Amino acid sequence: MKPRRIIGTTLFYLLVAFIVVYTVFPFYWAIVSSLKEGSALYQIEFFPKDPKWGNYAAIFREQPFGRNILNSVIVAVTVVSISLVLSVTASYALARIEFRGRTPLLLLVLSVSMFPQVAVLSGMFELVSWLGIYDTLWSLTLSYMILTLPFTTWVLTTFMRELPKELEEAALVDGAKPLTIITRVFMPLLWPALATTGLLAFISAWNEFLFAITFTLSNERRTVPVAIALISGASRFELPWGRVMAASVIVTVPLVLLVLIFQRRIVSGLTAGAVKG
Amino acid sequence: MAVAPSSLPQPEVIGRPAVALAPSLLTRQRRRAALYFILPMMTVLTAVAGWPLARTIYFSFTNANLDNLGSQEWVGFANFVSLAQDPEWWRAVLNTVKFAAVSVSLETVLGLVIALTLNANLKGRGIVRTAVLIPWAVPTVVSAQMWNWMYNDLYGVVNAVFLKLGFIDHPYAWTASPSLALAAVIAVDVWKTTPFMTLLILAALQLLPQEIYEAAKLDGIPSPKVFYKVTLPLIRPALMVAIIFRSLDALRIFDLPYVLTGNSRQTASMAVYARQQLIDFQDVGYGSAASTFLFAVIAVFTIIYITAGRVRFDTGR
């Protein structure tokens, strides 16, 4: 190799190394910090010499963090299931049946997915108190539909119209009803799309913060993001950073694993729906 | 297919041969089914989006209070007038615009650099791509807390590393100092959202025809020129969609500034300001006016986004 080439390649790999460090380091640092206790936390030490698990035990002991995780799981699973059921049929109609007003309807669904959440906050607050579900998980289940339903409908519509029409034609010739076509012909082919869409919707429900901090009040009703944002220590002025990091690692590791396992799927789902970050 | 959000699902004519047997009956049957299929979804959407939005807009013309919703009186444009006279509000608007402009620009440049790197022939591409996805997988609140700890004025790793490298001569309170707080929030957003940009750009890059590059190589055209004359124009539509989409997201930002710096006026975005008025100060009328304003801004951007996406849809495929 020519010297110029060597320098070029070296610089290129330096850039790559920098990118990797930049993207990975903050999460790595959270893991390292979560394994430090007492004064060790205040020393800059890139490899923990003496890892301790006390912070992990403490967050479950000192606050209802287990309950918070359960809340997040309950809300996210409920919201995603309802959204998928409602959007499978709707997206079949939107993708494969011609009717007047279809394009405006699709644009409407797309616009709702761009809503700033705060724009519905006071109206939603009124709805939530009128239904008597303030400070219950129901308030989150209700309000999260605005995040997940337009998204799942939009993405499933995109997936649904990619399926070959010959399949449907054969079923139509046999006199199959639309609902039968969905359940018997399309669903078996749609499982990968449903899994991807469901996972992305799950992530957005899992991460939601604005509604969660507004519609719940008591520690036991909080979801994970609110719990992590509000972890407090003995002193008002110094947050228990070791515990905050331990809680952060616990809720992030499953997500990172899911994302890594479903990497390719997620990329296709993201490009199909441009999900919110 | 390039970045799909730009393209509306194409009306697809299905079942023509089959329909030919009994066209009107089957079509009518299918249209009726379409109505039943869409109705539940639209009902829920109306209940959770349409109705609350309408109420918020209505509240913005009243003096509603969180304590006794229902006993409000119509006050016309009074809330919007006081909003226009409130320097704190304009500060929030300015913060949001600064935040959106700077973070989206940085994310675009950085996303482009990383996407081009990933698209090049390098060893261990899979590992790098995986690494790049990690920030995207970290929940926003968690990334805010992670960086909050890294920014810590006494024990934070940012100060330690920068001091050692000689970038700074004394530790800074990154999130507390008025001149640095917004930049600190932007830095976290850039870290968290660049992967999204990278993925969208990478998807566009991987669809580019390789022949052009081979031809350019044969003709000995320098690579910067190839980038500006070939790559950039070809991925521009996808890039535009990604930028508009990210801008929409950045304009309604709430959790990042809220968790990093609370309601601090140095970083408060429009959404943070609106929520503070609504919930903390219980002034539903005034807060709703702020929300309505933000909604109008986003609506304008959404219309641009949809029109831009459509233009491309008509000419693109």
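The values are calculated or read from the model by the stated rules, or taken from the named source; none is laboratory data. Only a predicted model underlies this, so the values are computations on that prediction, with no experimental measurement involved. Every residue, glycine as well, gets a Cβ built from its backbone with ideal geometry; the counts of neighbours run over all protein chains shown.
Name the helices (runs of 4 or more DSSP H) wholly inside segment A:186-230 in which the number of residues that are away from every other protein chain (no Cβ under 12 Å) and modelled with pLDDT under 95 is 3 or more.
Fully inside segment A:186-230 and qualifying: A:187-207.
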> Can you pull out the helices (runs of 4 or more DSSP H) entirely within segment A:1-120 that have at least 2 residues that are under 30 Å from B:F293 (Cβ atoms)?
Replying inline: A:65-96, A:102-112
> Since B:G156 meets every condition but one in (1) crowded, with 16+ Cβ neighbours inside 10 Å; (2) out of contact with any Pro (no Cβ under 9 Å at 6 or more places or on another chain), which condition does it not meet?
Replying inline: (2)
> Are there any helices (runs of 4 or more DSSP H) wholly within segment B:51-119 with 2 or more residues that are crowded, with 21+ Cβ neighbours inside 10 Å and in contact with a Lys or Arg (Cβ under 8 Å, 6 or more places away or on another chain), and if so which?
Replying inline: B:87-119
> Any idea how many residues of segment B:80-94 are in contact (Cβ under 8 Å) with a residue 24 or more places away in the chain and over 28 Å from the mean Cα position of the chain (by Cα)?
Replying inline: 1
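Looking at A:Y42, is it more than 30 Å from B:R129 (Cα to Cα), crowded, with 16+ Cβ neighbours inside 10 Å and hydroxyl-bearing (S, T, Y)?
no
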> Looking at segment B:129-166, which of the residues that are over 18 Å from the mean Cα position of the chain (by Cα) and not in a helix (DSSP H, G or I) is nearest to the other protein chains (Cβ to nearest Cβ)?
Replying inline: B:Y155
> In segment A:9-27, how many residues are over 21 Å from B:V109 (Cα atoms) and exposed (fewer than 14 other Cβ atoms within 10 Å of the Cβ)?
Replying inline: 2
>> Given the options B:A296, B:A203, B:A242, B:A238, name the one that is surrounded by fewer than 14 Cβ atoms within 10 Å (Cβ to Cβ) and within 13 Å of chain A (Cβ to nearest Cβ).
In response: B:A296
> For segment B:233-254, does any single residue satisfy the condition of being outside any helix (DSSP H, G or I) and in contact with a Leu (Cβ under 8 Å, 6 or more places away or on another chain)?
Replying inline: yes
